[in-house]
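Mind having a look at this structure? Questions to follow.
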Amino acid sequence: MAANNHLTLAVAGSRKTQGIVDECAAADRAERILILTYTSVNQTELRDRLARFAGDHPNIEVSGWFSFLLGNFVRPFLPFLYEGARSKGFDFNSPPQQYSKVEDWPRYFNEHGEARKVHLPQLAVRVEEASAGAGIRRLARIYDRIFIDEVQDLCGYDLEILNLLMKSSIPVNMVGDIRQAILATNERERKNKKFMYMGIWKKFKADEKSRRLKIDQRCQTWRCSSAIASLADSMFEEEWGFEPTISMNERATGHDGIFLIKSEHVDVYMERYSPLPLRHSAGTGKSFEHLGFMNFGKAKGLGRERVLIYPTGPITQFLQKGTVLKHQQAANFYVAVTRAEQSVGIILDTPGQSPYPVWVP
């Protein structure tokens, strides 16, 4: 079973998406491959790269996760659960239907017959149970292999679907970075709550122990310099078992590494190096609003030569005193830092015990 399911845990800048594209390009042209990912940005990126590098492979499809659930589990087999019913579309915005019972139709569909995104994974699981596994059997007839990009984003009932795929005869190749687990397919779902965000690592380790999954770690980053990679690694305690990042970036620009930037020097620093200014959320860094910050979550997937970070309170404590970051705090800081190739500036007036130099104009 383990040989069929594989997870590559890959650090930021390790060309995760390109790795999937390269495997598709190297595959037999007759192989029927489905690639799944959560965000629309990733779907567009995958389609663009596949067109360039594997355009001669006619049997490769890219799908968003929710389109996958709707098209392969709910629409074809919904009558097994609700006789004579059919889905008439997709409702992206409905809130959780907390007063509807699990078996009630309104829990899963709005007044127009559109499937509510918030409960779609649970509906897919229930339809699959009612149809005695018809969805998985259909997938096994259609595809020879399934890739899942950014798998750390899955949570709730999505993990039940993932379990069904992993038990099937279809080889499942997953790629992700637990350290960048700041998004979730359904953050309001209670099912499998302990596996949400970085908690999904516990599930994967248990799967590996049960021989349902083989895990490899890809530790080389072509983006981040060694100083940036070292800071990124330092955010996570050894108990996670993450292997040290190896930087393949040997470029030198004359301003490379980690720098603390005093408030009075921020504008000069921006003018001289043009870093991408980042902050956790719109509620932070108000005194530097003129910089045009991008939130950490929005920057995920991007790469820039330099970034300038407005730190949260916990990040400040981490830098000044070495205070351990909580899991989500570390993941957010990791995403921010690893956008940079050459330099990370952090706005901080009091260095404390920080080992990083204070930049002086």
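Out of Arg137, Arg126, which single residue is surrounded by fewer than 19 Cβ atoms within 10 Å (Cβ to Cβ), among the basic types (Lys, Arg) and part of a helix (DSSP H, G or I)?
Residue meeting the stated conditions: Arg137.
Of the residues Lys191, Lys202, which is open to solvent by 20 Å² or more (accessible area, probe 1.4 Å) and part of a helix (DSSP H, G or I)? So that I can check it myself, show each step before the final result.
Values: Lys191 fails: part of a helix (DSSP H, G or I).
Answer to the check: Lys202.
Go through segment 237-256 and give me each residue that's modelled with pLDDT of 95 or more and either assigned to a helix (DSSP H, G or I) or within 19 Å of the chain's Cα centre (by Cα) (or both).
The answer is Thr245, and nothing else.
State which residue pairs qualify: first residue among the basic types (Lys, Arg) and inside segment 268-293, second residue part of a strand (DSSP E or B) in any location, beta carbons under 8 Å apart, and separation of 6 or more residues or different chains.
From segment 268-293, the pairs are Arg279/Met294; Arg279/Asn295; Arg279/Ile309.
Can I ask one more? Please work out which residue is modelled with the lowest pLDDT, limiting yourself to segment 69-105 and to residues that are open to solvent by less than 30 Å² (accessible area, probe 1.4 Å) and of a type in the set (A, V, I, L, M).
Ranking the candidates gives Ala85 first.
OK, next. If you scan segment 213-230, which residues turn out to be surrounded by fewer than 22 Cβ atoms within 10 Å (Cβ to Cβ) and part of a helix (DSSP H, G or I)?
The answer is Ser226, Ala227, Ser230.
Additional query: Checking Lys286 against (1) open to solvent by 10 Å² or more (accessible area, probe 1.4 Å); (2) within 23 Å of the chain's Cα centre (by Cα), only one condition comes out false. Which one?
(2)
When residues of segment 257-268 are filtered for being open to solvent by less than 10 Å² (accessible area, probe 1.4 Å), assigned to a helix (DSSP H, G or I) and either among the charged types (D, E, K, R) or within 14 Å of Gln342 (Cβ to Cβ) (or both), how many remain?
0
On to the next question. Here's a check for you: in segment 1-41, which residue that is among the charged types (D, E, K, R) and within 19 Å of the chain's Cα centre (by Cα) is most open to solvent (accessible area, probe 1.4 Å)?
If we filter segment 1-41 for residues that are among the charged types (D, E, K, R), which is where we start, we get 15-16, 22-23, 28-29, 31-32.
Adding the requirement that they be within 19 Å of the chain's Cα centre (by Cα) leaves 15-16.
Details: Arg15: 131, Lys16: 23 Å².
Filtering segment 1-41 for residues that are among the charged types (D, E, K, R) and within 19 Å of the chain's Cα centre (by Cα), the one most open to solvent (accessible area, probe 1.4 Å) comes out as Arg15.
Looking for whichever is out of contact with any strand residue (DSSP E or B) (no Cβ under 7 Å at 6 or more places or on another chain) and within 24 Å of Asp91 (Cβ to Cβ) here; the options are Gln180, Gln122. Which one fits?
Unique residue meeting the criteria: Gln122.
The values are calculated or read from the model by the stated rules, or taken from the named source; none is laboratory data. Since the model is a prediction, treat every value here as computed from it, not as a measurement. All Cβ positions, glycine included, derive from the backbone under ideal geometry; neighbour counts span all protein chains shown. These area figures cover heavy atoms from the full protein model, side chains too; ligands, DNA and RNA do not enter into them. Shrake-Rupley method; radii C 1.70, N 1.55, O 1.52, S 1.80 Å.
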